[in-house]
Amino acid sequence: MNRIASAFQNGKAFIAFITCGDPDIETTKACVREMAAAGADLIELGIPFSDPTAEGPVIQQANLRALTGGVTTDRIFDMVRELREDVSVPLVFMTYANVVFSYGPQRFLSACQDAGIDGLILPDLPFEEKGEFLDFCRAHGVALISLIAPTSANRVAMIAREAEGFLYLVSSLGVTGTRSRIDTDLSAIIRVIREHARVPFAIGFGISTPQQAKTMASQADGVIVGSAIVKLVARFGKEAPPRVGAFVREMKDAVSARE
């Protein structure tokens with residue numbers, strides 16, 4: 001069983017996101033270790049990009065802080081190699097197509113395999129253009145994770161059928177960020193996903209409270225939380241890791257709770 005599949009084997013999965021290098025690499029490493037210890041089933045590592053089109057202000061600002069601080073893709077790969085000495089949970093990169101193109105797809109995916117990265121999420125990559133990266137991903141054992149949005153409409157079944165690793169279901173229109181309410185009716189999309197997908201699916205975008213996480217977990221195989229974690233890092237800086245760990249534990253408990 002690969003690591004991504006194992007994340008969904010023990011009930012509902014809690015997936016945590018963090019921007020690498022915000023405020024520095026050492027803090028990111030400490031946060032990842034805290035998240036893993038607190039029960040995160042899978043961790044998304046954001047590689048900063050200068051134009052993160054899917055992100056709201058919270059993660060945009062985290063990207064800017066990380067880039068201003070001098071983080072690079074090579075330093076992030078070195079960080080992952082070090083983390084893999086003691087962190088066994090699945091690790092997935094979330095970044096943008098231009099980051100991979102500029103690094104070189106073959107070189108990037110080879111480095112992912114060497115470092116112990118299990119999957120890759122590119123939110124600006126149209127499903128129809130995934131062939132640009134798919135062969136490189138498969139050659140190096142890295143799942144190219146597809147996204148489905150409320151606007152995917154008649155493409156949902158096609159995307160679900162071809163999904164690898166897990167499916168990322170976007171909860172609402174717009175960019176990432178915490179939301180006081182998530183009102184999107186996802187039931188029709190979820191029915192199509194359940195009918196066609198061979199992999200589990202997780203819901204992300206806007207989830208920031210234990211109650212929201214519990215509600216979404218009742219519909220999905222997993223829940224993804226990013227901006228709420230990045231906000232903690234922005235607020236507490238180098239002192240953030242234990243607070244991030246406590247938040248992840250609270251969210252994991254909510255996701256795991258039964259009615």
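Which residue is farthest from Ala13 (Cα to Cα), if the candidates are limited to the stretch 226-243 and must be at pLDDT 95 or above and within 14 Å of the chain's Cα centre (by Cα)?
Per the criteria, the residue is Val230.
Would you point out the residue of the stretch 7-18, among those that are modelled with pLDDT of 95 or more and farther than 16 Å from Arg243 by Cβ, that is surrounded by the fewest Cβ atoms within 10 Å (Cβ to Cβ)?
Top of the filtered list is Phe8.
With respect to the numbered conditions (1) surrounded by 17 or more Cβ atoms within 10 Å (Cβ to Cβ); (2) modelled with pLDDT of 95 or more, which one is the sole condition not fulfilled by Val175?
(2)
Just need a number here: residues in the stretch 225-259 that are of a type in the set (Gly, Ala, Ser), touching a residue at least 60 places away in the same chain (Cβ under 8 Å) and assigned to a helix (DSSP H, G or I).
Summing the residues that are of a type in the set (Gly, Ala, Ser), touching a residue at least 60 places away in the same chain (Cβ under 8 Å) and assigned to a helix (DSSP H, G or I) in the stretch 225-259 gives 6.
Given (1) modelled with pLDDT of 95 or more; (2) within 17 Å of the chain's Cα centre (by Cα); (3) among the small types (Gly, Ala, Ser), where does Gly70 come up short, assuming only one miss?
For Gly70, the failing item is (2).
Restricting attention to the stretch 53-65, does a residue exist that is among the aliphatic types (A, V, I, L, M), assigned to a loop (DSSP other than H, G, I, E, B) and closer than 13 Å to Phe17 by Cβ?
Yes, because at least one residue in the stretch 53-65 is among the aliphatic types (A, V, I, L, M), assigned to a loop (DSSP other than H, G, I, E, B) and closer than 13 Å to Phe17 by Cβ.
Out of (1) at pLDDT below 95; (2) out of contact with any Phe, Trp or Tyr (no Cβ under 6 Å at 6 or more places or on another chain), what's the single condition that is false for Glu26?
The failed condition is (1).
Name the residue, out of Arg107, Arg84, Arg33, that is surrounded by fewer than 19 Cβ atoms within 10 Å (Cβ to Cβ) and in contact with a strand residue (DSSP E or B) (Cβ under 9 Å, 6 or more places away or on another chain).
Matching residue, one of Arg107, Arg84, Arg33: Arg84.
Pro48: surrounded by fewer than 21 Cβ atoms within 10 Å (Cβ to Cβ) and more than 15 Å from Cys112 (Cβ to Cβ), yes or no?
no
Is it the case that some residue within the stretch 195-215 is among the charged types (D, E, K, R), more than 17 Å from the chain's Cα centre (by Cα), under 17 Å from Phe8 (Cβ atoms) and not in a helix (DSSP H, G or I)?
Taking every residue of the stretch 195-215 in turn, at least one turns out to be among the charged types (D, E, K, R), more than 17 Å from the chain's Cα centre (by Cα), under 17 Å from Phe8 (Cβ atoms) and not in a helix (DSSP H, G or I).
So Thr19 ticks every box in (1) farther than 15 Å from Ile121 by Cβ; (2) in contact (Cβ under 8 Å) with a residue 12 or more places away in the chain but one. Which box is left unticked?
(1)
Pairs only if they're at least six apart or on different chains, beta carbon under 6 angstrom, first in the stretch 204-220 and over 15 Å from Lys252 (Cβ atoms), second part of a loop (DSSP other than H, G, I, E, B); list them, first residue then second.
Note: pairs meeting the criteria are Phe205/Ser171; Phe205/Ser172; Phe205/Thr176; Gly206/Ser171; Gly206/Ser172; Gly206/Arg179; Gly206/Ile182.
Please tell me if Ser88 is outside any helix (DSSP H, G or I), polar (S, T, N, Q) and farther than 26 Å from Ala7 by Cβ.
Spelling it out, it is not the case that Ser88 is outside any helix (DSSP H, G or I), polar (S, T, N, Q) and farther than 26 Å from Ala7 by Cβ.
Taking into account only those residues within the stretch 125-144 that are farther than 25 Å from Ser88 by Cα and at pLDDT 90 or above, which is nearest to the chain's Cα centre (by Cα)?
Leu125
The values are calculated or read from the model by the stated rules, or taken from the named source; none is laboratory data. Please read these numbers as outputs of a predicted model, since none were measured by experiment. All Cβ positions, even for glycine, are placed from backbone atoms using ideal geometry, and neighbour counts span all protein chains on display.
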